[in-house]
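Below are the structure tokens for one structure; questions will follow.
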Amino acid sequence: MEKIVVWHNPRCMKSRKGLKTVEDVAKAHGLQVEIRKYLEHPPTHDELKDVIRKLDIKPIDLIRKQEKIWKELFKGKDLSDDELIDAMVKYPKLIERPIVIYNDKAVVARPEERVFDLFV
């Protein structure tokens with residue numbers, strides 16, 4: 001059975017809304033949902049690089065710039081893409097959420113309706 005993967009933070013309301021939408025879409029399309037609590041099981045550098053490619057964005061676009069960690073450690077610094085990815089691996093709280101991955105596409109499901117973009 002094909003699956004749709006959600007990088008999820010259960011403490012985040014937007015992530016919970018996104019997951020609910022994914023579950024509804026998965027049911028309608030006969031897909032299995034795999035939930036990855038990425039704060040407990042952070043992505044590797046290579047996994048994050050692959051997801052960024054699937055999102056078709058730059059690493060900086062995946063960073064939550066209002067996070068205290070970003071403001072204290074990284075804001076205003078000229079970091080390479082690899083350094084940004086390393087920062088997200090070390091501090092997964094910096095990663096925008098939820099990320100929904102299906103086949104070779106991914107979206108940040110904010111708003112949650114972005115999930116439907118995976119099927120066009």
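What follows is calculated from the coordinates using simple rules that are stated; it is not laboratory data. Nothing here was measured: the structure is a model prediction, and the numbers come from that model. Here Cβ is always computed from backbone atoms with ideal geometry, including for glycine, and neighbour counts include all displayed protein chains.
Condition first: in a helix (DSSP H, G or I), closer than 23 Å to Lys90 by Cα and over 12 Å from the mean Cα position of the chain (by Cα). Now tell me which residues in the range 15-47 satisfy that.
Answer for the range 15-47, where residues must be in a helix (DSSP H, G or I), closer than 23 Å to Lys90 by Cα and over 12 Å from the mean Cα position of the chain (by Cα): His45, Asp46.
Next up: Check Arg97, Arg110 and return the single one that is within 11 Å of the chain's Cα centre (by Cα) and either among the small types (Gly, Ala, Ser) or crowded, with 20+ Cβ neighbours inside 10 Å (or both).
Arg97
Those residues that are among the polar types (S, T, N, Q) and either loosely packed, with under 15 Cβ neighbours inside 10 Å or touching an Asp or Glu at 6+ places or on another chain (Cβ under 8 Å) (or both), I need them from the range 1-45; list them, please.
Thr21, Gln32, Thr44
Could you tell me which of the residues Lys54, Lys105 is exposed (fewer than 15 other Cβ atoms within 10 Å of the Cβ) and within 29 Å of Phe119 (Cβ to Cβ)? Steps first, please.
Working: Lys54 fails: exposed (fewer than 15 other Cβ atoms within 10 Å of the Cβ).
Exactly one of Lys54, Lys105 is exposed (fewer than 15 other Cβ atoms within 10 Å of the Cβ) and within 29 Å of Phe119 (Cβ to Cβ), namely Lys105.
So which residues in the range 90-102 are out of contact with any His (no Cβ under 6 Å at 6 or more places or on another chain), assigned to a loop (DSSP other than H, G, I, E, B) and in contact (Cβ under 8 Å) with a residue 40 or more places away in the chain?
Arg97
Any idea which residue in the range 52-89 is nearest to Ile101 (Cα to Cα), counting only those that are outside any loop (DSSP other than H, G, I, E, B) and of a type in the set (Lys, Arg)?
Of everything passing the filter in the range 52-89, Lys54 is nearest to Ile101 (Cα to Cα).
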